[in-house]
1. Which condition from (1) open to solvent by 50 Å² or more (accessible area, probe 1.4 Å); (2) in contact (Cβ under 8 Å) with a residue 12 or more places away in the chain is the one that Ala234 breaks?
2. Specify the residue that is farthest from ligand 2 (Cβ to nearest atom); the eligible residues are those in the range 88-144 that are among the acidic types (Asp, Glu) and either closer than 21 Å to Val165 by Cα or touching a residue at least 24 places away in the same chain (Cβ under 8 Å) (or both).
3. Looking only at residues in the range 163-203 that are within 16 Å of ligand 2 (Cβ to nearest atom) and β-branched (Val, Ile, Thr), which one is surrounded by the most Cβ atoms within 10 Å (Cβ to Cβ)?
4. Determine whether Arg84 is touching a residue at least 24 places away in the same chain (Cβ under 8 Å), more than 16 Å from ligand 1 (Cβ to nearest atom) and closer than 28 Å to Gln230 by Cβ.
5. Spot the failing condition for Arg218; the list is (1) in contact (Cβ under 8 Å) with a residue 24 or more places away in the chain; (2) open to solvent by 50 Å² or more (accessible area, probe 1.4 Å); (3) over 18 Å from Lys40 (Cα atoms), and only one is missed.
6. If a residue has to be more than 13 Å from ligand 2 (Cβ to nearest atom) and more than 17 Å from the chain's Cα centre (by Cα) to count, how many in the range 1-19 make the cut?
7. When you go through (1) within 27 Å of Pro53 (Cβ to Cβ); (2) buried (at least 18 other Cβ atoms within 10 Å of the Cβ); (3) modelled with pLDDT of 95 or more one by one for Thr124, which number turns out not to apply?
8. So which residues in the range 7-58 are open to solvent by 70 Å² or more (accessible area, probe 1.4 Å), among the basic types (Lys, Arg) and either near ligand 1 (Cβ under 8 Å from one of its atoms) or modelled with pLDDT under 95 (or both)?
Amino acid sequence: MIEIQRLSKRFGDNVVLKDISLRVDQGGVVALIGPSGSGKSTLLRCINLLTVPDGGSIRVGARTLAFGAGAPALPRPRELAAYRAGTGMVFQHFNLFPHMTALGNVMEGMVTVRKLDPATARTTALALLDRVGLAALAERHPDRLSGGQKQRVAIARALALRPEVMLFDEATSALDPELVGEVLAVMKTLADEGMTMVLVTHEVAFAREVADQVVFMRDGVVVEAGPAAQVIDAPVEPATRAFLARFN
Ligand code: ADP
Ligand code: MG
């Protein structure tokens, strides 16, 4: 479903991604782990095109984009919006629209990107809110929702665009510990339903349970990748071992 080849990105002199290659099968779940600053968020942002890579290529579903010298121009804004919708992104800090209710947040992209009529968007949004356990809170604004509830709205909002893949960037890192479980439960359900997912997480136990593949990154390179049980329980590379030792 996702094929990344030789992806590179630098910010000024700072080379943040160096020749990253990665494959995610349809329905596969890949967990990206690694120290802060290793390029995990940049990689996710490149898949969603919030950040434009300098070189390499990314295929998501049937759509391939190549970057760098000699590559075709990037899609026009309208097609770019469709591409972004196909790679639903969930951020650490939710990024909900504060002036809209939970329902409004979920409806927004359906009306503006998918061009659904408001009545259809509303019905679909309510069903999605129900799916993340928030049907009763549809009319609340974000400032009256807990962090866990906000994040579940953000997940529903991404799902509303019918993404082919879901990208989660430390979706539970900003939450109080007692609220982490409700968000992980929604993510696990999505994975069980066959959603293709790439997640950056510090929840090693969750990665071990839900991910098929774990990728350990450091300094913009993939140091070690493989089946979750192998990378987490029996890492080969010293850097992976040192990193995981912190979580035991
Ligand atoms: P991680 O998510 O693994 O913590 P990031 O992808 O956020 O890592 O960052 C990797 C490196 O890229 C860091 O050195 C960070 O400072 C740098 N970086 C990320 N985004 C930008 C940006 N927009 N402009 C300049 N430097 C950036
Ligand atoms: Mg990050």
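1. If we test Ala234 against (1) open to solvent by 50 Å² or more (accessible area, probe 1.4 Å); (2) in contact (Cβ under 8 Å) with a residue 12 or more places away in the chain, just (2) comes out false.
2. If we take residues in the range 88-144 being among the acidic types (Asp, Glu) and either closer than 21 Å to Val165 by Cα or touching a residue at least 24 places away in the same chain (Cβ under 8 Å) (or both), then Glu139 is farthest from ligand 2 (Cβ to nearest atom).
3. The residue in question is Val198.
4. Here the answer is no, as Arg84 does not meet what is asked.
5. So Arg218 meets the others, but not (3).
6. Counting residues in the range 1-19 that are more than 13 Å from ligand 2 (Cβ to nearest atom) and more than 17 Å from the chain's Cα centre (by Cα) gives 13.
7. Tallying (1) within 27 Å of Pro53 (Cβ to Cβ); (2) buried (at least 18 other Cβ atoms within 10 Å of the Cβ); (3) modelled with pLDDT of 95 or more, Thr124 fails exactly one: (1).
8. Passing the criteria: only Arg45.
The values are calculated or read from the model by the stated rules, or taken from the named source; none is laboratory data. Since the model is a prediction, treat every value here as computed from it, not as a measurement. Heads up, the Cβs are rebuilt from the backbone with ideal geometry, glycines too, and the neighbour counts pull from every protein chain shown. We work out accessible area using only protein heavy atoms, side chains counted, and drop any ligands, DNA or RNA first. Shrake-Rupley method; radii C 1.70, N 1.55, O 1.52, S 1.80 Å.
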